[in-house]
Structure formats: structure tokens, C-alpha cells
Amino acid sequence: MFSISKLFASSDDPNSLGAYFRKKRLQQFEQLFYNQFDVNQQVKILDVGGTDYFWKGSSLLDHPKVEITLLNLHLEESSHPAIKGTTGDATNLSEYQDNEFDLIFSNSVIEHLFTWENQQKMAAEIERVGKKHFVQTPNRYFPIEAHYALPYAQYWPEKLLFYTLTKTPLSRFRKWSSKEASDYIAEIRLLDEKELQRLFPSSEILKEKVAGLTKSITAHNLL
């Protein structure tokens with residue numbers, strides 16, 4: 001059973017609802033992965049915006065020929081031999097050749113790109129450099145906004161949202177710094193199912209459900 005504190009906790013907290021759904025999402029991804037790739041096959045994965053902690057406990061790290069590259073604006077370190085970090089821009093992967101990676105993975109990143117134009121660029125680059133992809137993002141229409149854990153915060157006036165984040169503990173039981181709140185408000189552009197399908201027109205859309213409502217959506221071509 002989930003408590004209110006778990007609902008509002010950051011997804012970095014292993015006991016949070018966010019971590020629970022992230023674990024379920026990873027399990028679903030692993031099922032699709034093993035249906036697509038043979039255990040003896042070398043698989044190069046680019047995780048756009050990925051973190052080392054996301055992959056901890058994943059069965060893919062036991063796969064003898066999996067190589068995971070974490071691409072971020074700032075270097076993400078990893079001590080695991082199958083994981084390495086690098087720096088780069090999700091909207092411009094010009095350092096990589098067409099189909100250089102067997103799989104592009106991205107979890108809750110594409111909504112952080114400020115504009116629809118940048119989201120289009122990221123999607124185009126993912127399809128260019130990856131043979132397969134699995135791209136997840138929170139659903140715009142889910143009642144609880146994923147980043148603030150506030151009801152319908154995606155529709156609030158920016159001034160009201162900024163005040164709530166910085167002056168009250170209503171978002172995840174803490175007061176945000178002015179910079180953190182400003183950065184999030186500026187960068188987050190949530191997607192809905194139709195927009196995600198437009199970004200990845202040949203992909204299947206998976207829906208992550210909570211109480212019959214779609215919490216997050218994933219575009220993938222692991223078919």
C-alpha cells in the first residue's frame with residue numbers, strides 16, 4: 001500500500017511511487033528487449049538523458065554483450081563495466097553515424113526540451129542514430145503533474161506555480177529554490193499521446209495506467 005508521503009516523494013527515493021513505476025517500466029522494457037535481441041548478440045544502447053542508478057538491478061547488466069552509453073549535458077559517471085558516460089545534446093547527435101546504435105533508450109527526458117521544435121529534433125535524431133528505440137514521457141493529461149506532484153499543475157498560471165513551489169511545501173513536502181523552480185517551469189513541455197505519435201509515426205504507443213488513467217506514454221519499435 002502506498003502512503004501520501006510516497007506519492008509526493010522524489011522518484012530518486014527508492015520507496016517512492018515514481019521509483020515503483022520506473023521499476024515496472026524497466027521490467028516491461030526488458031521483456032521487449034529480450035523478444036528482440038538474442039543473448040549472444042552484441043547490443044549497443046544509447047540512453048539519452050540516462051542515469052547510472054536507473055540501470056541498477058536491471059537484468060541487462062548480466063547480458064554479456066550489452067554496452068550502455070549514458071548521454072547527458074553533464075557527464076554521468078558509472079563504475080559498472082557495461083556502462084559509460086558521455087556528454088552531448090539530445091537535439092543534435094551529429095557525433096554519431098546513422099544506425100550507430102542498436103537501441104536508443106530514453107526515460108522522462110523529452111519533456112524537458114523547452115519547445116516542440118526541440119522535441120522534434122530529438123525524435124529525428126533518435127530515429128536516425130538508432131535501429132530501435134524506447135522513449136517514455138509523462139502524459140500531459142494525467143491529473144497529477146509528474147514533476148511537481150501537484151494536481152493539474154501543467155495548467156496553472158506560471159506565477160501561481162512559481163509561488164507555490166518556492167513559498168510553500170506543497171510540492172513534494174519542500175520549498176524549491178527560485179532557480180530550480182524557474183528552470184523547471186521554463187523547460188518542461190509535456191506531451192500527449194497524439195504528439196508522441198507524431199514524433200514517432202511508425203512506433204507503437206504503450207500506455208502506463210494508474211486507476212484507469214494514463215500516467216505515462218512510451219513510443220517504441222521493439223516489434
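In this calculation the C-beta distance from Tyr152 to Asn92 is compared with R0 = 41 Å, giving a FRET efficiency of 0.75.
Taking N as the residue count of the chain, its C-alpha radius of gyration divided by 2.2 N^0.38 Å amounts to 1.02. What's the local net charge at Asn72, with K and R +1, D and E -1, over the other residues with C-beta under 10 Å away? Overall, the nearby charge balance is -3.
Extension gain Ala124-Lys84, at 0.36 nm per residue separation less the Cα-Cα distance, in nm?
On the way: separation 40, 0.36 × 40 = 14.40 nm, distance 2.36 nm.
Contour length minus Cα-Cα distance gives 12.0 nm.
Please give the net charge around Ser177, taking every other residue with its beta carbon less than 14 angstrom from that of Ser177, where Lys and Arg add +1 and Asp and Glu add -1. Working shown, then result.
Numbers: positive: Lys167, Arg172, Arg174, Lys175, Lys179; negative: Glu180, Asp183.
With Lys, Arg at +1 and Asp, Glu at -1, the neighbours total +3.
Full extension of the chain between Lys44 and Asn99 gives 18.8 nm of extra length, using 0.36 nm per residue less the Cα-Cα distance. Taking amide H atoms as placed 1.01 Å from N in the peptide plane, the amide H of Phe200 has no partner under 5 Å among residues 5 or more positions away or on other chains. Place a point 7 Å from the Cα of Tyr141 along the Cα-to-Cβ direction; which residues of region 187-223 have their backbone N under 16 Å from it? What the label zone holds, given the 16 Å backbone N cut-off, is 190-198, 205-218. Compared with the dominant principal axis of the Cα atoms in the chain, helix 116-129 is inclined by about 20°. In the chain, the calculated helix contribution to ellipticity at 222 nm averages -9000 deg cm²/dmol per residue, counting -39,500 (n - 2.57) for every DSSP H run with n ≥ 4.
With a Förster radius of 22 Å, plug the Cβ-Cβ distance of Lys167 and Glu77 into 1/(1 + (r/R0)^6) and report the FRET value to the nearest 0.05. Please report the intermediate quantities before stating the final value.
Values: r = 35 Å, r/R0 = 1.59.
Taking R0 as 22 Å, the efficiency between Lys167 and Glu77 is 0.05.
Our note on the geometry: Cα centres of region 53-91 and region 161-220, 23 Å apart.
Counting only other residues whose beta carbon sits under 11 Å from that of Thr91, what net charge do I get with K and R as +1, D and E as -1? Kindly include the intermediate steps, with their values, before the conclusion.
On the way: positive: Lys121; negative: Asp89, Glu117, Glu125.
Overall, the nearby charge balance is -2.
Can you work out the FRET efficiency for the pair Lys24 and Glu193, with r the C-beta to C-beta distance and R0 = 22 Å, to the nearest 0.05?
Working: r = 19 Å, r/R0 = 0.87.
E(calc), rounded to 0.05, equals 0.70.
We did not get these values from a lab; they are worked out from the coordinates using the rules stated. These numbers come from a predicted model, not from an experiment. Glycine gets a Cβ as well: all are built from the backbone with ideal geometry, and neighbour counts include every protein chain shown.
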